Every structure is written in structure tokens, then in C-alpha cells.
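Structure record follows, encoded as C-alpha cells.
The values are calculated or read from the model by the stated rules, or taken from the named source; none is laboratory data. Predicted model only: the values in this text are computed from it and were never measured. Ideal geometry is used to build each Cβ from the backbone, glycine not excepted, and the neighbour counts take in all protein chains shown. Please note that ligands, DNA and RNA were not included when accessible areas were found on the heavy atoms of the full protein model with its side chains. Shrake-Rupley method; radii C 1.70, N 1.55, O 1.52, S 1.80 Å.
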Amino acid sequence: MRYNFKQIEQKWQKEWDEKKIFQAQDFSDKPKFYGLVEFPYPSGAGMHVGHIKAYSSIEVVARKRRMQGYNVLFPIGFDAFGLPTENYAVKTNTHPRIITDTNIEKFSNQLRKVGFSFDWSRVVDTTDEKYYKWTQWIFLKMFEKGLVFRDNALVNYCPHCKVVLSNEDSQGGKCDICHSDVIQKPKTVWYLKITEYADKLLQGLSDVDYPDNVKQQQENWIGKSTGAFVDFSLDGIDEKLQIYTTRPDTLFGVTFMVIAPEHPLIDKYADRIGNMDAIENYRNECAKKTEFERTQLVKDKTGVKIEGIEAINPLNGKKIPVFIADYVMMGYGTGAIMAVPAHDQRDYDFAKAFGVDIIEVIKGGDITKEAYTGDGEMVNSDFLNGFTNKKDSIAKVIEELTKRGIGTAGVQFKMKDWAFNRQRYWGEPIPLIHCPSCGVVPVPYEELPLILPNVEQFEPGEDGQSPLAKIESYVNCKCPKCGADAKRETDTMPQWAGSSWYFLRYIDPNNDNALADMEKLKYWMPVDWYNGGMEHVTRHMIYSRFWHHFLYDQGIVNTKEPYAKRTIQGLILGPDGDKMSKSKGNVVDPLDIVEELGADTLRVYVLFMGDYGAATPWNDSSVRGCKRFLERVASLEEIVTEEKGETKELTVALHKAIKKVSSDIEETKFNTAIATLMSLINTITKVGKLTGEELEIFIKLLAPFAPHLAEEIWHNRGHEDFIALAQWPAYDESKTVEDNIEVGVQVNGKLKNTVSIPFNGEKDEVLSIAKSDEKVAAALAGKNLVKEIYVPNKIINFVVK
RNA sequence: GCCCGCGUGGCGGAACUGGCAGACGCGCAGGACUUAAAAUCCUGUUGUAGCAAUACAGUACCGGUUCGAUUCCGGUCGCGGGCACCA
């Protein structure tokens, strides 16, 4: 058969589509498999080869599962709200709706050309009002349960995008979208109380199958620490200063305290403070610094001593000074710390700069040089003296603090609440109303969806307000509670909102009465296998796990955790080894490859190119190598023979291949699975013939990777059904081994030769075969044989002296 | 600074649980076919020495455990990722 990939691919894509063979059936006696890929953001640039690699993994698994008799749900959709589209809308003065529709169509066409077996009847679009009705609905549920709150805060603000950014979107002090410098700006911010779910999100990790580094990253991001809250009295003031510490056992080493510049204590006791001017100056300077600058000046400790306020160490009654310094953050713990300069490097640096005492309480270091943070015997610490184990001394001091009513054990999380509003147009409207008498009132559920109004101008206002604020007919409304004139919230949700629950909507995409029907959820959930990029492991995955845990608590979904298993694909780098980017001009367009070499070649290559989880550079020659492989497959029909008498070599290779390809797919070792098929075709070429039955097994193994070609050959052989639904081949373990195998023979661990021995041969027999080998015999001659090692079917080693 | 991962031919990468290092592909070299080129096919391809059989060396580097180490342990160097004044 001549390999006319273009004709083959068009033909089978059309056939699969018309026969609807990839549509998932709700409810079935078959076992279910729900395979999920991260749905794309439909950018104007179209698909990237990275998309192909990301989807190909679950694609292969889904196709294999269908052949294994599973009822498979493998859906696709579009995460279409967001800034790039909005910015493009502003630039070209085109409505984001039009841009989004155009891009979605472009993406859909491209995805279809690659032949992915998505269920196209379940496509979701986060910007569809029928979809975001339920995004808003979940938000209102959270509001109802007290998980939405408003706060005035200094926020990360991007002057270029004119938008408030979360800490995650402004890492390194740069805007995640436009990379401008982020500044601090006071704003009213809507938060989702994700911190309330911190522990559940942490504990849930033990129930799921994620790679270790993914779990670790999520653990770090949640950042649980255990320690204690301790109350320090203030001299002459009837007020306690509470601190959080992970080392309460070093309390006797406390020589000063530090509070964050924003700490409320300052304003409350401003009249007592002798140096308020100096403190105000310092606070103003800090306010000017961005979070980024603050964290960059790690070395130089700055601060001001508060005159007129002194704290008292609750364990020994000593008076100690209190400072404000920006190395203490208001957002973590209580915004105040007890400083133990002998055993914390930051406190040490500060103490050195400000001439404060340093008291050693743990032996083992040299505190004249630096802080000692290791373990050791406790000294200068009253009832803690003599303790050598951190765990014991902490337990002891917490017991004592609790007894005296001055402290308790406590935990803290690094994770912050989720800033949930954006002053932008292209997002889900936040369904809240500000009423002068009732306060914040939710839009009634029955009025959802709250539809994003059509506007002509998409630019945010100069004051950073959402474009929606300019539309009076939208802003002005009646309070649903009291009927008075009221104003709508004009901010929209962040892009992470729509993607936090999309996998639920695939299960029941047209339901108008619920986000998804419970019976269908019970059938399909959880997602059995979710593949995506490392970049979404902390934000998207934690946000969506948070929403899912919440929905579970409300009885709206039936599983605690949404994703049973997660895998990560590595980046595809440009041919030059750098990350692909337009500016570097090293971008490979997947559609070019589909045109020139075919979708099957592209699919095989992205999975063959390297370790699935590793970043691998693109290589044009290697792509052609995959095409060559498929051409050889296409020509196999020419050597099909119906003469009986199987070739042992081919039988063994075939059964080994079934075993290897089957297990490799499960372990995302697609590169070696394909290598196995390449080896198999080398064996077939060497043997020079194969039976029709053997050919069919071969193309079944190939089908998940190169489905179009496999389908074509299958039909050429007279089949009326689809190979996509044919039965996955089984192997016979006894046929995966040769009668005789080659093993290495070592003398003192050095390989001397290989010998052919019977499979599972007896030790004596095998050793005598080895000894009679000429080279081995030569190496053993005249030596004293000390030990004979035979690992069955693996290695023979003679130890001689 | 802390946490994690990695380091194998000219290149991408294989190697099950400690058992023949370099599967498979690319590239390169030689050959066949061709008037010629491309495509295709065949052969070779870790390094050094040798016409060769073969010998020795070899998985970043140094050392250890072991009959045997790419794999396990200790140290050094290099690269990548994540977190970061988190008390």
C-alpha cells in the first residue's frame, strides 16, 4: 500500500465523526474511564505542538481503554475568558465574543485534523452563559456559606493591564500577563476563603495518585507549619501582643520583638509612642516598596525601635524592646514575632544591626559568628535546660504555656486567601449587589446567569475600574432584599474560576437545572486520569480541588477529590534547545507537520521524541524518521503470507511487544512503546513475512498512536467494524520467551563472553555450558575458583583467585 | 538560603527490583539502485590501539559497599525546576 496519509486521514476522521464512535454513553454495564486533558485557552495563535503532546497521552490511553472494552469519556472544551483576548479586543476594537468564537472554531478545526478521539458532543466553553451560570452559582453557594469576604488591602496592581493581580499572578514583581512591574495599591478585594480548606487540601493528597514532586509542590504551596501562639504582655498597657513561633522552646532566648509596619498596635497606642514621626516615616517608606522589593533586600535589616512600648517575656518577666521592621509580614502569623537572635539568622542580623543582646539557649554553634539553627542541648532556659530533642522541648514548653494560660499550640499556612475579583470586562460578572441599607446582597439564584452586558469600550477606566462600571443600565438595579435603588458589583472573576469545575460540566453539559446530574456524576466521577503541565500544578489544580472539596461538603458532587491520577508532560523546546517563542522564531506549527507529513506522524513523533515528562528539543529529521516508520508499516501488507508454520522469532517478538506496549502506555513510557513497535517491524523485515493475523495484532498495537493508518489497514483486510473499537490484543506469557537465551558470563565481575543457555536451565547445566566456553575457560585456567554465581536467565559470574 | 529533580555516544534517548551499558530513532560514513540527484534499501557507527580476531578504558568527578554499580551510600562540580525575610 502506498502511504497516502492525506487521503487516509481525511477519510477516517470523517467516518469516525459520522458514526459517532467516540461519544461517551452515560450509564453502561461496561467499566468507565474518564480521561481528562487541560482544556486550551483559544488564543489567536492557534495550536502549539505542546498541546499535541499534552493531549496525545490521554488520547493513547483513551483509545487503548476503548479497545479494552471501557466506556470512555474523553472530552474537550475551551477556557475562553481572559486577558489576552480582551487585550486583543482593545487593540483591534473587535468584540471579545467574536474573537473567542473565531478562535474556538480555529482550534476545533485544528484538533480535528490531528484526529483526536474527543467526544465533540460535550464541548464546553467557559464564556457561554449557560456555562458561567453555574460558575456564578457555585460562587453564590460559597457566598451563602460564608466563604466569600471583602477586605481592603494593598494589592498587586499592574499599571499596564490596569488590573489587580493575585500573588501567584505577580511572582517576581512582574505581571504574569504583560511582564510590567507590579505596584502596590489599596483596593477593595473579594476573597475566597481557600485557607479554610488548607488542611483538607493537604490531607486529600494522600488519597490521590499524583507524582511525588507534584504532591510536594502542592504541600509547599499550602505551607503548613506547626508551632505555638504566645501572648506577650506590654509594660503598662492592658493589652497582649500575640506572636506565632515554630520554636516556642527558645522563649528564654527572646531579647526583642518585631511587629510588621502595618501592625494595628502602632495606631492604637500612637499617643504613648515617643518617636511617632520616625515610625511614620519608616512606614511610609515601606508602603512605597513593592512586595518584591521588600523580599529582595534580604540582607539589609531595617527598622525602628518603638519608644514608649516595652514587652515582657511571659516566662522570665524580663522587659524587652519592641521594633517595627519590614522583615515581618502582616500577612503571616499574627504580624508580630518574638526574636531569638541566637537561633534565627534574620533576628541575628537585626540584633547585630541594632545592638540588641543575643542569648544562647541551644548549645552547638558559635553565636559570636552566626545564628545556630541546629539541634543541641538547651541552656539558660530554666525548666527546659537539659532537653536535647526539639520535639520534647517544644512539647514541654507548650504544656507549660497552656497551663499558665499564656500560649497555645497552633498551626499556620503559607497559603493566602484567593483574591477573586478583576477589574476587567472579559470574565464572569460577580453576582453581588451593593445596597445602601442591606449591604452586600447576592443576586437571587433564579436570576442566574447574570449576563455580561454588551459594551463597545473594553478598556478599563483610568482609576482601575472595570469597564462594566461605565454601563449605567447594568450598574443601577434594585436590591433583591428591600427593593431600594442599589448598585451592582462591577468586577469580574479571575480566569481560574471557569477552569475550577469544567470537568464536572463535561459529564452533563446541557443540564439547565444543575451543574450536573448527580446520577451521572456518580457514574463518571472521579476523573480517572488527568494530564497537564507542571505550571498548573499549584494554581489551577489547588483552586479546582478547593472548589471540589467545597461542592462535596455541600452534597453537590459525590467524590472528595476530583482527580484520581495526575501526570505531567514535559515541554517541547525549539530545535535550538530554547523554549519556543515567537520572538526567537523557533516555533514549530503542528498544522505544518500535519500538512507535510501527516497527523499520524506528528502524533507518533511527539510521543517518541523523548521521556514524556522531560523537556525535549524538536528535531525535524527525527519527525521524518517517524514518517519512515509509518511508511514501512503501510508496506507490510505486501509480505503477508497465508502459508502456515509460524516463525518462533516473530512469535516471541510479537508477544513481548504486546506485553511491553500494554504496560508502557500505563506508565506514560510512550517513547519505549513506540520503540518496541519499531523493533518489531525490524524483526518482521528480517523474517521477511508475516501472517494476516500477526499483521492485525501489530496494527492494533499501533492504533492508539497512529489511528488513521491502523484503521486503513484494518479495513483493507476486509473488516467492516472499526479498529478503534476492536479488541486489544492479549499476550501469552509462555510465548514471550525463547527456548534458549543469551546470558553474559563474567569472571570477577568482568564480562568475558556471552553463552546461549536453555531458558530457566538448571544451575549445574548452565554453569558447565559457561565453563566450556573457550574464552571463559581461558580466563579461568590456572585460577582457584572461589564462588559461582548464577542469577537465572540474567548473569553468570565466576569469582576466582 | 531551603526543598525537589537531573548529569549516559555527534544528537534525542534506552537499560525491569543491583546483573551483557548505549535498545529505538536521528545524524554521519561506506555501498546498492539512478545518466545524476532526491527517495528507498543494505552495511557500519562509544572511545583508544590494531588489517583483524581482540585488548584496554568508559554512564560529570573523587571515594565506599558488593561476586557484580548508570542503578545503593558519602563527598565535589555542573544544570534545571519550585519556594523564599513564612517567624
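Full extension of the segment from A:GLN554 to A:ASP392, taken as 0.36 nm per residue of separation minus the current Cα-Cα distance, would add 54.3 nm. Could you work out what % of the accessible surface of chain A is carbon and sulfur, using a 1.4 angstrom probe and leaving DNA, RNA and ligands out of the count? The C+S portion of the solvent-accessible surface of chain A is 47 percent. Roughly how many nanometres apart are two label points built 7 Å out from the Cα toward the Cβ at A:GLN727 and A:ASP181? Each label point lies 7 Å from its Cα, and together they span 7.0 nm.
So how strong a dipole does segment A:398-523 carry about its Cα centre when Lys and Arg Cβ are +1 and Asp and Glu Cβ are -1, to the nearest 20 debye? Please report the intermediate quantities before stating the final value.
Numbers: 14 positive and 18 negative charges, 95 e Å.
With only Lys, Arg, Asp and Glu charged at Cβ, the dipole is about 460 debye.
Taking the Cα centre of segment A:478-594 as reference, the dipole from Cβ charges on Lys and Arg (+1) and Asp and Glu (-1) amounts to some 340 debye. With a ≥ b ≥ c taken as the square roots of the eigenvalues of the C-alpha gyration tensor of chain A, please select rounded if a/c is under 1.5 and otherwise prolate if a/b is larger than b/c or oblate if it is not? Oblate, since a/c reaches 1.5 and b/c is not below a/b. Shape of segment A:191-297 from the C-alpha gyration tensor: prolate (a/c of 1.5 or more and a/b above b/c, with a ≥ b ≥ c the square roots of its eigenvalues).
Think of chain A as a dipole: +1 on every Lys or Arg Cβ, -1 on every Asp or Glu Cβ, centred on the Cα centre; then among A:LEU452, A:VAL49, A:ILE21, A:VAL49 lies furthest on the positive end.
Which of the residue pairs A:LYS414/A:LYS487; A:LYS750/A:LYS794; A:LYS414/A:LYS522; A:LYS644/A:LYS700; A:LYS301/A:LYS369; A:LYS627/A:LYS794 have a Cα-Cα distance greater than 26 Å in the structure shown? It would help to have the intermediate numbers written out before the result.
On the way: A:LYS414/A:LYS487 35 Å; A:LYS750/A:LYS794 15 Å; A:LYS414/A:LYS522 34 Å; A:LYS644/A:LYS700 22 Å; A:LYS301/A:LYS369 17 Å; A:LYS627/A:LYS794 36 Å.
Beyond 26 Å between Cα atoms: A:LYS414/A:LYS487; A:LYS414/A:LYS522; A:LYS627/A:LYS794.
Among A:LYS162/A:LYS470; A:LYS565/A:LYS735; A:LYS416/A:LYS470; A:LYS289/A:LYS584; A:LYS660/A:LYS686; A:LYS363/A:LYS390, which pairs are too far apart, with a Cα-Cα distance over 23 Å?
Values: A:LYS162/A:LYS470 15 Å; A:LYS565/A:LYS735 33 Å; A:LYS416/A:LYS470 32 Å; A:LYS289/A:LYS584 34 Å; A:LYS660/A:LYS686 20 Å; A:LYS363/A:LYS390 12 Å.
Beyond 23 Å: A:LYS565/A:LYS735; A:LYS416/A:LYS470; A:LYS289/A:LYS584.
In chain A, the calculated helix contribution to ellipticity at 222 nm averages -10500 deg cm²/dmol per residue, counting -39,500 (n - 2.57) for every DSSP H run with n ≥ 4. Specify the inter-centroid distance of segment A:760-801 and segment A:15-55, based on alpha-carbon positions, in whole Å. When both Cα centres are located, 56 Å separates them.
Annotation: extensible slack from A:LEU751 through A:ASP578 equals 58.2 nm (criterion: 0.36 nm per residue apart, minus Cα-Cα distance). Applying 1/(1 + (r/R0)^6) with R0 = 56 Å to the Cβ-Cβ distance of A:ALA615 and A:ASP382, what FRET efficiency is obtained, to the nearest 0.05? Calculated transfer efficiency: 0.50.
Packing around the peptides A:13-23, A:597-607, taken as the average count of other Cβ atoms within 10 Å per residue, puts them in this order, highest first: A:597-607, A:13-23.
Taking segment A:725-764 and a reference point 7 angstrom along Cα→Cβ of A:ILE789, the backbone N atoms nearer than 15 Å belong to A:744-752. For the peptides A:415-424, A:755-764, the ranking by packing is A:415-424, A:755-764, with the highest mean count of neighbouring Cβ atoms within 10 Å listed first. Probing with 1.4 Å while keeping every protein chain in the model, the per residue accessible area of segment A:265-365 equals 49 Å². Per residue, the accessible area of segment A:67-128 comes to 35 Å² when a 1.4 Å probe rolls over the protein heavy atoms.
What does the net charge come to around A:ALA657 if you take all other residues with beta carbon closer than 13 Å to its beta carbon, with K and R at +1 and D and E at -1? Could you put the intermediate results ahead of the total?
Values: positive: A:LYS656, A:LYS659, A:LYS660, A:LYS700, A:LYS735; negative: A:GLU649, A:ASP664, A:GLU694, A:ASP732.
The answer is +1.
Between A:LYS145 and A:GLU15, what's the calculated FRET efficiency when r is the beta-carbon distance and R0 is 30 Å? Round to 0.05. For R0 = 30 Å, the calculated efficiency reads 0.05. Each label point was placed 7 Å from the Cα along the Cα-to-Cβ direction; for A:ASP231 and A:ASN510 their separation is 6.3 nm. Principal-axis analysis of the Cα atoms of chain A puts helix A:390-404 at an angle of about 40° to the longest axis.
A straight Cα-to-Cα reach below 15 Å connects A:LYS771 with the aspartates and glutamates A:GLU742, A:GLU762, A:GLU788, residues fewer than 8 places away in its own chain not being considered. In a reduced charge model with +1 at each Lys and Arg Cβ and -1 at each Asp and Glu Cβ, chain A shows a dipole moment near 840 debye about its Cα centre. Projecting the Cα atoms of A:GLN423, A:ILE406, A:GLY464 onto the dipole axis of segment A:382-492, where Lys and Arg carry +1 and Asp and Glu carry -1 at the beta carbon, places A:ILE406 farthest toward the positive end. To the nearest ten degrees, helix A:648-666 and the longest principal axis of the Cα atoms of chain A are 10 degrees apart.
For a paramagnetic label modelled on A:ALA484 (point 7 Å from Cα along Cα→Cβ), amide N atoms under 20 Å away belong, within segment A:416-454, to A:432-444.
When a/c reaches 1.5 or more, the comparison of a/b and b/c decides; with that in mind, is segment A:243-352 rounded, prolate or oblate per its Cα gyration tensor? It is oblate, given that a/c is not under 1.5 and a/b is not larger than b/c. Cα centroids of segment A:250-271 and segment A:187-234: 26 Å apart.
Rolling a 1.4 angstrom probe over the protein heavy atoms with all chains in place gives segment A:397-555 an accessible area of 38 Å² per residue.
Just in segment A:81-152: which trypsin sites (Lys or Arg not before Pro) are loop by DSSP and have at most 13 other Cβ atoms within 10 Å? Intermediate values should be presented prior to the final figure.
Values: sites: A:LYS91, A:ARG97, A:LYS106, A:ARG112, A:LYS113, A:ARG122, A:LYS130, A:LYS133, A:LYS141, A:LYS145, A:ARG150; in loops: A:LYS145.
Those that pass, being in a loop and sparsely packed, are A:LYS145.
Projecting each Cα onto the charge dipole of segment A:497-612 (Lys/Arg +1, Asp/Glu -1 at the beta carbon, about the Cα centre), which of A:HIS536, A:GLY570, A:VAL587 comes out farthest on the positive side? So the residue we want is A:HIS536. Computed from the Cβ-Cβ distance with R0 of 25 Å, the FRET efficiency linking A:GLN25 to A:GLU447 stands at 0.10. Stretching A:LYS416 away from A:GLU693 to a fully extended chain increases their span by 93.7 nm, per 0.36 nm per residue minus the current alpha-carbon distance.
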